[in-house]
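Novice: Okay, handing you the structure first.
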Amino acid sequence: MFAAATMTAVLPSCTNLDEITYDRIDASAYYQDENSVKGAVASIYASAQSGFLEYFWYLNEFPADQVTWRTWNGGAWGYDEAAKFVLSSQTWNSESVIIRQAWEHAWETIGLCNTLLGDLEKLNPASLGMSDSAMKQYIAEVRTMRAWAYYNNFELWGGTLPLCVAADGNVPGSADPDFNKSSQIIWQFMADELDGCYGDLIAEQGNPGTRNRLSQGMNRMLKMRLLLNSELWTGTARYEECKTLCEQIIAGDYGNYSIVSDYRDIYGINNETCPEVVFAFAMEAGHNTNNNRNTPFLPYNYDQMFGFSCDQSGWNCVCMVPSKDNTGTLVPYAGTSNPKSFIFDYGDKLGAPYDRMNNADIRKQPFKCDAGGNWRGIFAMGPQKDWNTGADVLADADLQDKPLIYVDQVGTFQNLGRQLEPVMSPRWGETNSGYRVIRYPIYPTSTGLDWRNADQVEFRLAEVYYTLAECHMRSGNPSMAKSYVNQVRGRYFGASDQKELEKPGPGFDTFDADWLLSEWGIEFLNEGRRRRTDLRRFDKFTQGQWWFFGRATETDRQLPAKRDRKYEWYPLPQAALMVNPGLVQNPNY
């Protein structure tokens, strides 16, 4: 584990004219040996983990078609002045609080990297007892992390970004007043940075300790993401170059990785040993912990469901986008029976993530973990039972002290706050609305395992296979696309169910682009990239229909089947524009 350390530094912000000073220590005094360099570099990992994993998850998942922030108890609980509801309904503006908070966090890692690069490039490795190659590796890590941070910012705000690459106190405006030209400038900067330093990084050779450090494999996968999205972001298609890079990564040119036969190895407590993982943020209970893995989906009493006690409370605000509408016969505390399907009755090609999975898929079952730490399934669904006693887990709020039964629907079945309608927006849920995703296993306390110690996977080899599949699909070769996807999908079906790989799955008749878009979503469900990885590139983010869009109504906002294309990008926060007049707002905001 590449543990986090605290670095003392000055972080000039590209969006804030005020400098924040953290007990500035002269570089010549701070850097005494390689351990001090390593500690300083480790600080960027801690910054990236804390700055990006929460708010960027909100902005990439909530507006998409798989995960939603929903309110309950008559629309009173979890609404929070629509702070996150505007994301799920694609109705945000430049005053939206979550967008402002994400922007503020966005520059912390970049500022720290700039300061650190300014220090490291002035040091004499020999005077610190270091080799030149070791120093180059540390510098390459910092450059790659800065490119990763820029990438995250770019996929949200595009060409509005400033190009801030020096710790000199200057506060630059947007890279260019023209949004498209600025996008090309920033894209090229990221590509050049990655190409210019990957050779100095480590190449994975099966050592678990290196999966928490930026490597050649991670660097090349980030370049792969740039190439895959190049047409969307710059107007220039680079799918052939992307295809070649994917083939090189799979061949082991940048480290040894492999697709694992058991998907649980990716998310389990020892996932730093998983050969499919290319890079993961090191996590440890009490130190670095990503709250967005499971707890936003879970109720306050989730300790009863899993036999696990900790100081992290459930939020109960997030659920999966439902697969069913609200028609049918009311069932006490459990939605309705015989509702209509958004896939089969409405004909949606997007959304309905649970029903979108093949019934033979071994992941498509309730999450269970036994006393030995053996687990299966990835959903909290249906009746919830106390792990220790088997008694009903009870609900809160609008279903106070009633059995907690998760349903694949979102609506006011008790007519609390609003009369039940066939399709309702996430503004109108109940405490049991929607199935919940358990991406990382929650181990019972009796096992001695703490699920918060599993590392947070950011890059894994399956993404390379899916990217290569998409490149083939875009070049007119769907059979090759199917082949690469199935090399990953095969692990989700038992020996007797391998024939299911020859079926495109619920809602699809052929292995086409719509099918591939769905497979992206199934494989990377709630891994934080749905908006970028899939919907925007396939022109479905604002132009695709799922669940409540075009079907539900609200008195204070429109929810059309197709939304304004301005929502393809997020607006710069009004506060940022006031501080830095050189920034140019995104078009149409």
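The values are calculated or read from the model by the stated rules, or taken from the named source; none is laboratory data. Since the structure is predicted, the reported quantities are computational estimates derived from the model, not experimental observations. Reconstructed Cβ throughout: ideal geometry from the backbone, glycine too, with neighbour counts over all protein chains shown.
Novice: Is there any pair with a first residue in segment 523-551 that is on the phi > 0 side of the Ramachandran plot and a second that is surrounded by 22 or more Cβ atoms within 10 Å (Cβ to Cβ) and assigned to a helix (DSSP H, G or I) whose Cβ atoms are under 6 Å apart and which are 6 or more apart or on different chains, and what are they?
Specialist: Partner pairs satisfying both residue conditions: 528/57; 528/60.
Novice: Sticking with this structure for a sec: Out of the residues in segment 197-222 that are out of contact with any helix residue (DSSP H, G or I) (no Cβ under 8 Å at 6 or more places or on another chain) and more than 19 Å from residue 38 (Cβ to Cβ), state the one that is surrounded by the fewest Cβ atoms within 10 Å (Cβ to Cβ).
Specialist: Step by step, filter segment 197-222, then rank; the result is 205.
Novice: Against the conditions (1) in a strand (DSSP E or B); (2) in contact with a Ser or Thr (Cβ under 7 Å, 6 or more places away or on another chain), where does residue 339 fall short? Just the number, please.
Specialist: If we test residue 339 against (1) in a strand (DSSP E or B); (2) in contact with a Ser or Thr (Cβ under 7 Å, 6 or more places away or on another chain), just (1) comes out false.
Novice: If you don't mind, another one. Please pick out the residue among 125, 172 that is modelled with pLDDT of 95 or more, more than 22 Å from the chain's Cα centre (by Cα) and of a type outside the set (Lys, Arg).
Specialist: 125
Novice: Which numbered condition in (1) outside any helix (DSSP H, G or I); (2) among the aliphatic types (A, V, I, L, M); (3) surrounded by 21 or more Cβ atoms within 10 Å (Cβ to Cβ) is the only one that residue 145 fails?
Specialist: Single failed check for residue 145: (1).
Novice: Kindly evaluate residue 178 against the criterion of being without any contact (Cβ under 8 Å) to a residue 24 or more places away in the chain and either surrounded by fewer than 17 Cβ atoms within 10 Å (Cβ to Cβ) or touching a strand residue (DSSP E or B) at 6+ places or on another chain (Cβ under 9 Å) (or both).
Specialist: Judged against the criteria, residue 178 is a match.
Novice: Of everything in segment 551-581 that's loosely packed, with under 14 Cβ neighbours inside 10 Å and more than 25 Å from the chain's Cα centre (by Cα), which residue is farthest from residue 352 (Cα to Cα)?
Specialist: Per the stated criteria, the residue is 581.
Novice: Here is a further query. Being surrounded by 23 or more Cβ atoms within 10 Å (Cβ to Cβ) and in contact with a strand residue (DSSP E or B) (Cβ under 7 Å, 6 or more places away or on another chain) is the filter; apply it to segment 46-62 and report the residue that is nearest to residue 149 (Cα to Cα).
Specialist: Ranking the candidates gives 61 first.
Let's see how each residue does on (1) crowded, with 18+ Cβ neighbours inside 10 Å; (2) in contact (Cβ under 8 Å) with a residue 24 or more places away in the chain; (3) out of contact with any Cys (no Cβ under 8 Å at 6 or more places or on another chain); (4) under 26 Å from residue 70 (Cα atoms):
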site	(1), (2), (3), (4)
251	no, no, yes, no
258	no, yes, yes, no
266	yes, yes, no, no
273	no, yes, yes, no
295	yes, no, yes, yes
311	no, no, yes, yes
316	yes, yes, yes, yes
319	yes, yes, yes, yes
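Novice: Same structure again: Quick one: would you say residue 386 is in contact with a helix residue (DSSP H, G or I) (Cβ under 6 Å, 6 or more places away or on another chain), touching a residue at least 24 places away in the same chain (Cβ under 8 Å), surrounded by fewer than 17 Cβ atoms within 10 Å (Cβ to Cβ) and more than 24 Å from residue 351 (Cα to Cα)?
Specialist: Spelling it out, residue 386 is indeed in contact with a helix residue (DSSP H, G or I) (Cβ under 6 Å, 6 or more places away or on another chain), touching a residue at least 24 places away in the same chain (Cβ under 8 Å), surrounded by fewer than 17 Cβ atoms within 10 Å (Cβ to Cβ) and more than 24 Å from residue 351 (Cα to Cα).
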